[in-house]
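Trainee: Structure provided below as structure tokens; questions to follow.
The values are calculated or read from the model by the stated rules, or taken from the named source; none is laboratory data. A quick note: this is a predicted structure, and the numbers were derived from the prediction, not measured. Here the Cβ is made from the backbone with ideal geometry for all residues, glycine too, and neighbour counts use every protein chain on show. Heads up: the accessible areas ignore ligands, DNA and RNA and are worked out on the full protein's heavy atoms, side chains in. Shrake-Rupley method; radii C 1.70, N 1.55, O 1.52, S 1.80 Å.
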Amino acid sequence: MTDASDTDTDTAGDADRADVPGAGRPELPADLADKIATAESIVADALADFERPVVPWTGGKDSTLVLHLVRAAAADRGLETPPVTFVDHGAHFPETTAFVRRWADEWDLELHVARFEDLAGHDPGTELPVEELSDRVRTELERVGHEGDTLVVDADSLAGNHLLKTVAFNDLLRAEGFDAALTGVRSDESDARADESVRSPRGDDHTPEHVRVHPILDFSEADVWAALWGVVVPETVPAFPAGTVPSAAADLPADLTPADLPVSPKYWEGYRSLGTAAGSARSADEPAWLQSLGDGGERAGRSQEKEDLMSHLRDLGYM
């Protein structure tokens, strides 16, 4: 795992991509097969069109699906997998961070960690006097319209999300010269994302020039889970019985545990959407993929302050 401040990054060498063969899939519903084929085409075009793409990877289901498609497309073309980045806002579930580290090693990824160093070392919930913060932090606070004499370190607030996520990510883009970001954004996640396009050029005085590419923009939550269990897991774990959708760990073959699968452990615990540890809640007792998908409640367990501010956050450069 590479820190965003390290610009001298070792690029992953040629890796054995036999775990993503892109073949032998179980028969998928026609509409899902079409969506996957479209997503694969979008990814392939992006790898051809951009010199230095990156995959923002949260460890969540959507970005893991995109990462799988990118790895498979790169392998099919004899290319190295593009770098990935994990935004460390300091408030992740420990299981999320461990999941990203484990699979980054397993897949031999060039992983960059984007972190806003001006606030590094301050625990979530810490209240800091604005006058004691760096000039850069104060400038960004003015930009988001922050009021008050203190700043609470909170990745779910407007100011905290902007500093700890958006600014950190933009810093990495600028430092590494990434010209495209292949994201797991879906149009049905929130109203602020409903009008997003497959390719979205970005760049202004605050954001480096790049293009956001959204391969799974038209996927639903149910589509993502069907693709994970129908494609990603069986193509990644040869011992996994294709066509199986487990309802519990007991459904897995005796030699497999949830930790052996590229599915974040928090989903097994009933979380449908993963944000900060403090700002996410379980939606039900059963695993995420067995819940009432499509009921509009996917992000109901997330901090609603951030959800209510989503449009403003996206105007500032958030995903």
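Trainee: Residues that are on the phi > 0 side of the Ramachandran plot, open to solvent by 10 Å² or more (accessible area, probe 1.4 Å) and without any contact (Cβ under 8 Å) to a residue 12 or more places away in the chain: does the stretch 65-81 have at least one? Spell out how you get there, then give the answer.
Mentor: Step one: of the stretch 65-81, the residues on the phi > 0 side of the Ramachandran plot are 78.
If we keep only those that are open to solvent by 10 Å² or more (accessible area, probe 1.4 Å) as well, we get 78.
After this cut, where a residue has to be without any contact (Cβ under 8 Å) to a residue 12 or more places away in the chain as well, the list is 78.
Yes, that holds for at least one residue.
Every residue, every condition in (1) touching a His at 6+ places or on another chain (Cβ under 9 Å); (2) assigned to a helix (DSSP H, G or I); (3) charged (D, E, K, R), yes or no:
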| residue | (1), (2), (3) |
| --- | --- |
| 137 | no, yes, no |
| 151 | no, no, no |
| 159 | yes, yes, no |
| 171 | no, yes, yes |
| 174 | no, yes, yes |
| 187 | yes, no, no |
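Trainee: Report whether or not residue 97 is without any contact (Cβ under 8 Å) to a residue 60 or more places away in the chain, within 26 Å of residue 213 (Cα to Cα) and either of a type in the set (Lys, Arg) or open to solvent by 20 Å² or more (accessible area, probe 1.4 Å) (or both). Reasoning before the result, please.
Mentor: Working: without any contact (Cβ under 8 Å) to a residue 60 or more places away in the chain: yes; within 26 Å of residue 213 (Cα to Cα): yes; either of a type in the set (Lys, Arg) or open to solvent by 20 Å² or more (accessible area, probe 1.4 Å) (or both): yes.
Criteria met by residue 97.
Trainee: When both residues are 6+ apart or on different chains and their Cβ atoms are under 6 Å apart, which pairs have a first residue that lies in the stretch 136-160 and is closer than 19 Å to residue 171 by Cβ, and a second that is outside any helix (DSSP H, G or I) and among the hydroxyl-bearing types (Ser, Thr, Tyr)?
Mentor: So the pair list comes out as 153/126; 155/276.
Trainee: Could you check residue 199 against (1) open to solvent by 30 Å² or more (accessible area, probe 1.4 Å); (2) more than 21 Å from residue 42 (Cβ to Cβ) and say which number it fails?
Mentor: (2)
Trainee: Filter the stretch 177-186 down to residues that are out of contact with any strand residue (DSSP E or B) (no Cβ under 9 Å at 6 or more places or on another chain) and surrounded by fewer than 18 Cβ atoms within 10 Å (Cβ to Cβ), then give me how many there are. Even if it seems obvious, please write down each step before you answer.
Mentor: Quick first cut of the stretch 177-186, residues out of contact with any strand residue (DSSP E or B) (no Cβ under 9 Å at 6 or more places or on another chain) only: 177, 186.
When the remaining residues are screened for being surrounded by fewer than 18 Cβ atoms within 10 Å (Cβ to Cβ), the result is 177.
Looking only at that region, the number is 1.
Results for (1) part of a loop (DSSP other than H, G, I, E, B); (2) surrounded by 13 or more Cβ atoms within 10 Å (Cβ to Cβ), shown as yes or no for each residue.
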| position | (1), (2) |
| --- | --- |
| 105 | no, no |
| 109 | yes, yes |
| 125 | yes, no |
| 142 | no, no |
| 163 | no, yes |
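Trainee: Ok, one more. Would you please list the contacts, defined by Cβ atoms under 8 Å and residues six or more apart or on different chains, that run from a residue in the stretch 221-243 that is without any contact (Cβ under 8 Å) to a residue 60 or more places away in the chain to a residue that is open to solvent by less than 40 Å² (accessible area, probe 1.4 Å) and outside any loop (DSSP other than H, G, I, E, B)?
Mentor: 240/233; 240/234; 241/234
Trainee: Restricting the stretch 48-62 to residues that are in a loop (DSSP other than H, G, I, E, B) and charged (D, E, K, R), which is farthest from residue 175 (Cα to Cα)? So that I can check it myself, show each step before the final result.
Mentor: Taking the stretch 48-62 and keeping what is in a loop (DSSP other than H, G, I, E, B), we get 50-52, 57-60.
This time we only want the ones that are charged (D, E, K, R), so: 51-52.
Values: 51: 15, 52: 12 Å.
Here the residue is 51.
Trainee: What single numbered condition from (1) surrounded by fewer than 15 Cβ atoms within 10 Å (Cβ to Cβ); (2) assigned to a loop (DSSP other than H, G, I, E, B) fails to hold for residue 92?
Mentor: Of (1) surrounded by fewer than 15 Cβ atoms within 10 Å (Cβ to Cβ); (2) assigned to a loop (DSSP other than H, G, I, E, B), only one is false for residue 92: (1).
Trainee: What are the residues in the stretch 104-141 that are touching a Pro at 6+ places or on another chain (Cβ under 6 Å) and of a type in the set (Phe, Trp, Tyr), if any?
Mentor: Listed by number, the list is empty, since nothing qualifies.
Trainee: Further, regarding this structure: Output yes when any residue across the stretch 196-206 is part of a loop (DSSP other than H, G, I, E, B) and in contact (Cβ under 8 Å) with a residue 60 or more places away in the chain, and no when none is. Lay out the reasoning, then the answer.
Mentor: Just the residues of the stretch 196-206 that are part of a loop (DSSP other than H, G, I, E, B), to begin with: 196-198, 203-206.
Next cut, in contact (Cβ under 8 Å) with a residue 60 or more places away in the chain only: 198, 206.
Checking the stretch 196-206: at least one residue is part of a loop (DSSP other than H, G, I, E, B) and in contact (Cβ under 8 Å) with a residue 60 or more places away in the chain.
Trainee: Examine the stretch 45-55 for a residue that is of a type outside the set (Lys, Arg) and farther than 24 Å from residue 209 by Cα, and state whether such a residue exists. Walk me through how you get there before you give the answer.
Mentor: Here is the first cut: in the stretch 45-55, the ones of a type outside the set (Lys, Arg) are 45-51, 53-55.
If we keep only those that are farther than 24 Å from residue 209 by Cα as well, we get none.
Taking every residue of the stretch 45-55 in turn, none turns out to be of a type outside the set (Lys, Arg) and farther than 24 Å from residue 209 by Cα.
Trainee: Counting only residues that are out of contact with any strand residue (DSSP E or B) (no Cβ under 8 Å at 6 or more places or on another chain) and buried (at least 22 other Cβ atoms within 10 Å of the Cβ), give me the helices (runs of 4 or more DSSP H) lying completely in the stretch 211-308 with at least 3 of them. Steps first, please.
Mentor: Working: elements: 221-227, 233-236, 265-268, 304-308.
Passing ranges, in order: 221-227.
Trainee: Return the only residue of 43, 20 being modelled with pLDDT under 95, closer than 14 Å to residue 69 by Cβ and either of a type in the set (A, V, I, L, M) or open to solvent by less than 60 Å² (accessible area, probe 1.4 Å) (or both).
Mentor: That would be 20, the only listed residue that is modelled with pLDDT under 95, closer than 14 Å to residue 69 by Cβ and either of a type in the set (A, V, I, L, M) or open to solvent by less than 60 Å² (accessible area, probe 1.4 Å) (or both).
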